[in-house]
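Report on the structure given below.
What follows is calculated from the coordinates using simple rules that are stated; it is not laboratory data. Please read these numbers as outputs of a predicted model, since none were measured by experiment. Please note: Cβ atoms are built from the backbone with ideal geometry, for glycine as well, and neighbour counts cover all protein chains shown.
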């Protein structure tokens with residue numbers, strides 16, 4: 001198979017295991033490209049991509065922009081804070097205005113779950129979801145699985161624990177779908193208040209004790225506490241959260257086994273991860289960031305290469 | 001479908017032998033020369049040539065594989081997207097004499113893409129082209145090979161099938177599709 005089953009990348013839920021493998025195989029070749037003396041290929045030189053960010057982002061946006069530039073695409077950037085959205089323009093109007101300037105692809109982050117899905121019903125351009133509220137963040141899940149594959153050889157059969165604020169995390173949802181499609185076992189772990197009520201219905205194990213989760217898993221994907229999404233208090237204090245759920249080197253070394261520590265960033269050092277873990281050999285956090293560019297190049301390349309796209 | 005054998009295993013081995021001697025003639029001990037096979041099918045010819053040069057001249061020639069997918073000019077114009085393959089160039093290209101190796105030279109577009117792809121690794125002193133089969137009179141671009149195994153006159157409706165997989169007998173056919 002040489003092409004994706006979907007015209008857009010809206011979420012991991014919509015794509016198949018074969019799509020994921022195709023993206024990974026393509027990312028392998030791009031990873032080689034970004035380690036060359038000239039880190040650029042001319043594939044998308046006739047394509048214009050708009051990065052539309054209605055929500056703040058550093059890593060994802062830089063990563064997408066680098067991926068686009070290394071594929072030689074023309075790139076325009078748009079962030080809601082400095083735009084006419086503040087003057088009351090609707091999402092569809094904003095996007096249609098951008099598209100009428102002959103843009104071929106849209107990379108969008110939006111605070112409302114489902115915003116890219118809504119858009120995909122109304123416009124022709126390819127859409128890549130760069131995070132929609134608390135729903136999905138497909139490229140992050142892809143790069144997480146890709147990093148696991150790179151580190152451990154395979155995703156199938158591995159045990160992955162997602163630890164932290166599951167309730168507000170699009171990374172968690174996308175990761176659960178991605179890992180399950182590839183045949184990994186998934187556990188979520190966090191304080192009861194930060195676990196969605198029916199999360200077990202997705203077929204994941206639920207654990208409240210972080211030590212037990214670490215004893216079970218091969219890979220721990222540690223998530224940030226998303227204070228900006230919390231309107232009420234879910235736990236007494238950050239200090240208490242880090243006492244019960246924070247991961248430090250002492251805890252890791254008491255396990256008598258090697259586990260891989262991942263984090264999608266940004267890290268709140270001393271809260272979910274202690275510095276001695278974040279900077280240790282257990283952590284592959286910076287590998288994740290590098291793989292992010294290769295994965296996004298693969299996604300953009302594969303979407304753009306569809307005939308008639 | 002009609003299939004006509006244009007190179008049988010014996011002839012093909014003589015041809016490869018000649019190509020290797022021509023390479024030795026021009027590159028002496030291959031001190032400053034690297035061989036680069038174009039993915040996917042030039043790789044097989046490259047492997048055969050590298051092995052043969054080892055037997056003939058006793059030199060282990062530096063070699064690698066180059067994938068041209070991302071440099072092709074028919075991106076988005078094909079019916080099915082091309083699948084990218086491994087590029088493996090773990091040597092310095094800067095200042096080297098590079099011999100690109102492919103099985104069939106047809107429109108010249110792959111070679112154009114390959115030169116582009118190669119330049120991303122540095123500025124070679126010289127780039128040459130070696131092909132097993134040169135399909136004459138069908139070039140879209142002004143490209144010519146320095147070393148040619150066999151020249152054949154073909155029509156666009158015909159295909160050249162080169163079989164060089166290690167597990168099978170080496171053969172080349174000309175195929176007429178009705």
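Between residue B:126 and residue A:13, with labels modelled 7 Å along Cα→Cβ, what's the label distance in nm to one decimal, could you check? In this crude label model, residue B:126 to residue A:13 measures out at 6.2 nm.
Among B:79, B:116, B:90, which one shows the biggest mean-square fluctuation in a GNM of chain B, springs joining Cα atoms closer than 10 Å? Of B:79, B:116, B:90, the Gaussian network model singles out B:79 as fluctuating most.
Specify whether the C-alpha gyration tensor of the protein assembly as shown places it in the rounded, prolate or oblate class, a ≥ b ≥ c being the square roots of the eigenvalues: rounded for a/c under 1.5, otherwise prolate if a/b is larger than b/c and oblate if not. It comes out prolate by the Cα gyration axes. Tell me, what is the FRET efficiency for residue A:208 and residue B:73 to the nearest 0.05, using R0 = 60 angstrom and their Cβ-Cβ distance as r? According to the calculation, E is roughly 0.55. Once C-alpha pairs closer than 8 Å and six or more residues apart are averaged by separation and normalised to the residue number of the stretch A:198-309, the relative contact order reads 27 percent. For the stretch A:112-170, rounded, prolate or oblate, judged on the Cα gyration tensor with a ≥ b ≥ c (square roots of eigenvalues), a/c < 1.5 rounded, else prolate if a/b > b/c? It is oblate, given that a/c is not under 1.5 and a/b is not larger than b/c.
Comparing A:45, A:36, A:211 in a Gaussian network model of chain A where C-alpha atoms under 10 Å apart are linked, the largest mean-square fluctuation is found at A:36. Averaging 1/r across all pairs of distinct Cα atoms in the stretch A:208-309 and inverting the result yields a Kirkwood radius of 15.6 Å.
Applying 1/(1 + (r/R0)^6) with R0 = 56 Å to the Cβ-Cβ distance of residue A:62 and residue B:11 gives a FRET efficiency near 0.50.
Determine the calculated [θ] at 222 nm for chain A from helices alone, applying -39500 (n - 2.57) to every DSSP H run no shorter than 4 residues and normalising by the residue count; nearest 500 deg cm²/dmol.
-11000 deg cm²/dmol
Over all directions, the projected convex hull of the C-alpha atoms in chain B averages 10.5 nm² in area. Summarising the label geometry, the points placed 7 Å from Cα in the beta-carbon direction at residue A:269 and residue A:102 lie 4.8 nm from one another.
Helical runs (DSSP H, four residues minimum) scored at -39500 (n - 2.57) apiece and divided by the length of chain B put the mean residue ellipticity at 222 nm at -8500 deg cm²/dmol. In this label model, residue A:240 and residue B:119 are separated by 6.5 nm, measuring between points 7 Å along each Cα→Cβ vector.
If R0 is 35 Å, the Cβ-Cβ spacing of residue B:90 and residue B:3 corresponds to a FRET efficiency of close to 0.35. With semi-axes defined as the square roots of five times the eigenvalues of the C-alpha gyration tensor, the equivalent ellipsoid of the stretch A:138-288 measures 21, 18, 14 Å, largest first.
For the stretch B:62-137, the antiparallel share of DSSP beta bridges with both residues in that region comes to about 10%. Bridge orientation summary for the protein assembly as shown: considering DSSP beta bridges with both residues in this region, about 15 percent are antiparallel.
GNM, chain A, Cα, under 10 Å: largest mean-square fluctuation among A:249, A:22, A:44? Looking only at A:249, A:22, A:44, the biggest GNM fluctuation is shown by A:249. Scattering from the C-alpha atoms of the stretch B:65-147 alone, worked out with Debye: what is log10 I(q)/I(0) at q = 0.12, 0.16, 0.26 1/Å? Scattering profile of the stretch B:65-147, log10 relative to I(0): -0.36, -0.65, -1.40.
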